[in-house]
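Here is the structure we will look at.
The values are calculated or read from the model by the stated rules, or taken from the named source; none is laboratory data. Everything numeric here is computed off the predicted structure, so don't read it as measured data. Cβ: placed from backbone, ideal geometry, glycine included. Neighbour counts: every protein chain shown.
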Amino acid sequence: MARSRSSAADHDDTTDTGPGTPGAPPAPTGSTVERSRSGGLWVGLIVAAVVLVLLLVFILQNLQSVQLNLLGFDGHMPLAVAILLGVAAGAVLIAVPGSVRIMQLRRNVRRSGPPHSP
């Protein structure tokens with residue numbers, strides 16, 4: 001079978017594509033918009049708002065008072081507050097060693113200098 005080669009005469013690149021620039025190729029129908037920082041910020045704000053609403057519902061549904069005894073601290077507080085304090089303490093216990101490790105890695109990269117090109 002012989003393949004046919006297309007030539008410039010086979011394609012008319014000067015066709016009018018509508019209300020755009022004459023001769024310009026038509027815009028793709030499934031074109032996408034590039035992501036931006038402000039778009040990411042809006043998504044983050046929406047996610048944060050949803051999480052805050054869920055936390056508020058959690059707190060309002062768990063207002064019964066519980067007694068806490070921890071390292072000499074004796075007291076009463078709402079159950080939701082006690083749970084959220086525990087979650088916050090756990091997050092700090094995870095974040096501190098992780099942050100220290102990231103600082104160590106950055107310092108090592110700075111000390112090694114720029115990468116050598118062959």
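Starting from region 31-49, take each residue that is β-branched (Val, Ile, Thr) and list its partners that are surrounded by 10 or more Cβ atoms within 10 Å (Cβ to Cβ), counting only C-beta distances under 9 angstrom and pairs at least six apart or across chains.
VAL33/GLY39
What pairs come up if the first residue lies in region 83-94 and is touching a residue at least 40 places away in the same chain (Cβ under 8 Å), the second is in a helix (DSSP H, G or I) and exposed (fewer than 11 other Cβ atoms within 10 Å of the Cβ), and their beta carbons are under 9 Å apart, counting only those six or more places apart or on different chains?
none
For region 104-111, indicate whether the set of residues that are of a type in the set (D, E, K, R) and surrounded by 10 or more Cβ atoms within 10 Å (Cβ to Cβ) is non-empty.
Checked against the condition, which is being of a type in the set (D, E, K, R) and surrounded by 10 or more Cβ atoms within 10 Å (Cβ to Cβ), region 104-111 yields at least one hit.
Considering only residues of region 62-118 that are in a helix (DSSP H, G or I) and among the hydroxyl-bearing types (Ser, Thr, Tyr), which is modelled with the highest pLDDT?
Among residues in region 62-118 that are in a helix (DSSP H, G or I) and among the hydroxyl-bearing types (Ser, Thr, Tyr), the one modelled with the highest pLDDT is SER99.
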